[in-house]
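Would you mind keeping the following structure in view while I ask a few things?
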Amino acid sequence: MTQRKRNMTTAGIFTILLLLVSNIFMTFAWYGNLKLQQMDISSSWPLILIILCSWGLAFFEYCAMIPANRLGSQINGGPFSLMQLKIIQEAISLTVFTAIVALVFKGEPIKWNHLVAFGFIILAVFFAFLNTGDKNKPAKDSTEITTTTENPHSPESETKL
């Protein structure tokens, strides 16, 4: 294994670990207030206090999410395209959410249709990483402007700028 490939593998693993940490904080920021209410801890709190507490947790989500995206993105030399990063994040998000629901919100049932939906998310990850062609093939220059003169249907009348 070459050094570059090892670096890409390491970047991919760290990206996924940071996304996992980020999504744990995200899930508690978004849904933790419901557990606190269920436990009768925050029932009398004003909504603004609940929002501020959730926002505080979301700060730590961003402290992991932003480095994960920067480390993992091909824009910065990482192994993943933006679409792959987003789809990985969504799959991790649902995995973390399902685990937290099962462990923290024990009364919330996980039904067969939830599992099927989760399976489709896993398929989305598969398709996001499916090799669909030559990555090195240059994209067509979208800045090309074509003008036509006289007969617009004649190929000889096109001028490329």
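Bear in mind that the values in this text are calculations on the coordinates, not laboratory data. What you are looking at is a predicted structure, and each value in this text was computed from that prediction instead of being measured. Note: ideal-geometry Cβ built from the backbone for every residue, glycine included; neighbour counts use all protein chains shown.
How much FRET efficiency would the formula 1/(1 + (r/R0)^6) give for THR2 and MET83, where r is the Cβ-Cβ distance and R0 is 22 Å, rounded to 0.05? Kindly include the intermediate steps, with their values, before the conclusion.
Numbers: r = 26 Å, r/R0 = 1.16.
Calculated value: 0.30.
Please compute the modelled spin-label separation between GLU90 and LEU103, points set 7 Å along Cα→Cβ, answer in nm with one decimal.
Here the answer is 2.5 nm between the modelled labels.
LEU36 to PHE118: extension gain in nm, 0.36 nm per residue of separation minus the Cα-Cα distance?
On the way: separation 82, 0.36 × 82 = 29.52 nm, distance 2.66 nm.
Roughly 26.9 nm would be gained on extension.
Quick one: Cα centre-to-centre distance for the range 56-71 and the range 23-38, in angstrom?
That distance is 16 Å.
Give the calculated FRET efficiency between LYS111 and PHE60 to the nearest 0.05, with a Förster radius of 41 Å applied to their Cβ-Cβ distance. Before the final figure, lay out each step's value.
Details: r = 31 Å, r/R0 = 0.76.
Efficiency at R0 = 41 Å is approximately 0.85.
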